[in-house]
Amino acid sequence: FWYDAWLYDKPLYAIVPVLFLLCEQKEVMVAEVKSGSVPIIFRRWLTLELQTCWNLMEMDTNSFQLCQEKDKIFWRFGKNRRFSVKFLYNALTKADAGSNHKRIWKGKAPRKIKYFMWLLSNNAILTKDNLIRRKWSGNPKCQFCNFDETCDHLFFTCPVAKVIWAVVAICIGADNIPMSLNQCWAWCVRWLPRGKKFHLFGVSAICWAIWKARNRACFDGKIIRNPIEIICHAGAVMRFWTSLFPEMDREMLIDGANTMLKVATEIFISQSAAGGRMKRLKNEERQEDDTSHP
């Protein structure tokens with residue numbers, strides 16, 4: 001009666017330890033209590049709170065139906081009530097999965113990209129701050145700026161990353177940009193509420209392109225000249241990954257990638273034109289100074 005989890009998810013001695021300590025019949029069986037052959041006796045009068053608790057337990061006990069069949073063992077975590085390693089693993093790691101578990105592993109992306117995004121969501125990507133925790137003694141600075149490299153910095157708060165997310169914001173009509181991965185998921189839900197099945201697709205393509213550019217700069221010395229290079233890589237990745245989606249979604253995804261590239265190109269051209277005008281103005285000023293000072 002007290003030691004088995006027959007009435008609730010836990011044994012009664014764990015749920016109501018005070019009642020268990022006061023009870024004199026600690027080894028009594030469920031059938032003996034239900035039949036009344038062994039009455040439950042407590043060593044002292046119960047307080048109102050304990051008496052109410054015991055009354056509720058008695059009501060639940062009376063409603064519990066016993067039968068003459070032999071007891072059977074069922075695995076309560078599985079759909080078919082049978083044990084499997086998969087159900088055991090899910091039961092043990094349910095609390096550790098986090099809010100992004102289903103979003104990442106059920107989304108449409110190559111498997112290695114899902115591993116990458118899972119590591120990123122758990123701050124386990126080998127950015128320089130994580131390498132330093134493992135006794136690495138290299139330069140902690142970001143490859144794109146002078147700030148220390150962390151996951152949130154590299155993918156969201158670095159000036160290069162901000163430009164990339166600003167381009168994406170223009171494409172989807174957003175008036176802000178995310179500053180971390182958790183903010184990014186909420187950002188996608190806010191500005192693309194009807195495209196939840198595409199959130200992993202877009203976010204992982206951009207993060208993967210940033211990561212690849214960072215690695216090329218870190219290991220091969222290939223520093224990007226303009227953030228548009230990363231956007232072009234992300235767009236190419238998106239077009240390649242569209243094969244994972246049904247044909248009815250592919251055209252829409254390709255149009256979205258092309259729109260992102262178009263916006264980035266227009267920004268790059270306008271910046272180049274502005275830079276050219278500034279250069280011409282400086283040259284004209286320099287020529288005027290030369291003519292006024294023979």
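Applying the selection to the stretch 11-26, what residues are within 23 Å of Cys67 (Cβ to Cβ) and open to solvent by 60 Å² or more (accessible area, probe 1.4 Å)?
As a first pass, look at the stretch 11-26 and keep what is within 23 Å of Cys67 (Cβ to Cβ): 11-12.
None - no residue of the stretch 11-26 is within 23 Å of Cys67 (Cβ to Cβ) and open to solvent by 60 Å² or more (accessible area, probe 1.4 Å), so the list stays empty.
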Discussion item. With the structure loaded, tell me whether Asn80 is in contact (Cβ under 8 Å) with a residue 24 or more places away in the chain and open to solvent by 80 Å² or more (accessible area, probe 1.4 Å) or whether it fails that test.
Written reply: no
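Quick check on my filter: what residues within the stretch 43-54 are under 19 Å from Phe1 (Cβ atoms) and either among the aromatic types (Phe, Trp, Tyr) or surrounded by 11 or more Cβ atoms within 10 Å (Cβ to Cβ) (or both)?
Taking the stretch 43-54 first, the residues under 19 Å from Phe1 (Cβ atoms) are 43, 46, 50-51, 53-54.
Result: Leu46, Leu50, Gln51, Cys53, Trp54.
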Practice prompt. Search the stretch 84-107 for residues being small (Gly, Ala, Ser), at pLDDT below 75 and over 18 Å from Val189 (Cβ atoms), and hand back the single one that is most open to solvent (accessible area, probe 1.4 Å).
Written response: Ala95
Discussion item. The conditions are (1) modelled with pLDDT under 95; (2) over 16 Å from Thr259 (Cα atoms); (3) surrounded by 22 or more Cβ atoms within 10 Å (Cβ to Cβ), and Val168 fails exactly one of them. Which is it?
Written reply: (2)
Worksheet entry | helices (runs of 4 or more DSSP H) enclosed by the stretch 1-66 - at least 3 residues per element that are under 45 Å from the mean Cα position of the chain (by Cα) | 12-15, 17-22, 48-63
Discussion item. Based on this model, can you work out whether Arg194 counts as modelled with pLDDT under 90, more than 21 Å from Ser121 (Cβ to Cβ) and under 20 Å from the mean Cα position of the chain (by Cα)?
Written reply: yes
Practice prompt. Could you list, in sequence order, all residues of the stretch 29-46 that are farther than 22 Å from Glu69 by Cβ and of a type outside the set (Phe, Trp, Tyr)?
Written response: Gly36, Val38, Pro39, Ile40, Ile41, Arg43, Arg44, Leu46
Worksheet, complete the sentence: Being in contact (Cβ under 8 Å) with a residue 24 or more places away in the chain, surrounded by fewer than 16 Cβ atoms within 10 Å (Cβ to Cβ) and over 13 Å from the mean Cα position of the chain (by Cα) narrows Pro110, Pro159 down to just Pro110
Practice prompt. Sort out which residues of the stretch 10-22 are within 16 Å of Thr61 (Cα to Cα) and touching a Lys or Arg at 6+ places or on another chain (Cβ under 9 Å), and write them in order of number.
Written response: Tyr13, Phe20
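The values are calculated or read from the model by the stated rules, or taken from the named source; none is laboratory data. In this text, all values refer to a predicted model and were calculated from it rather than measured experimentally. Quick reminder, even Gly has a Cβ in these numbers, built from the backbone with ideal geometry, and neighbours come from all protein chains shown. Protein only, heavy atoms only, side chains kept; ligands, DNA and RNA dropped before computing areas. Shrake-Rupley method; radii C 1.70, N 1.55, O 1.52, S 1.80 Å.
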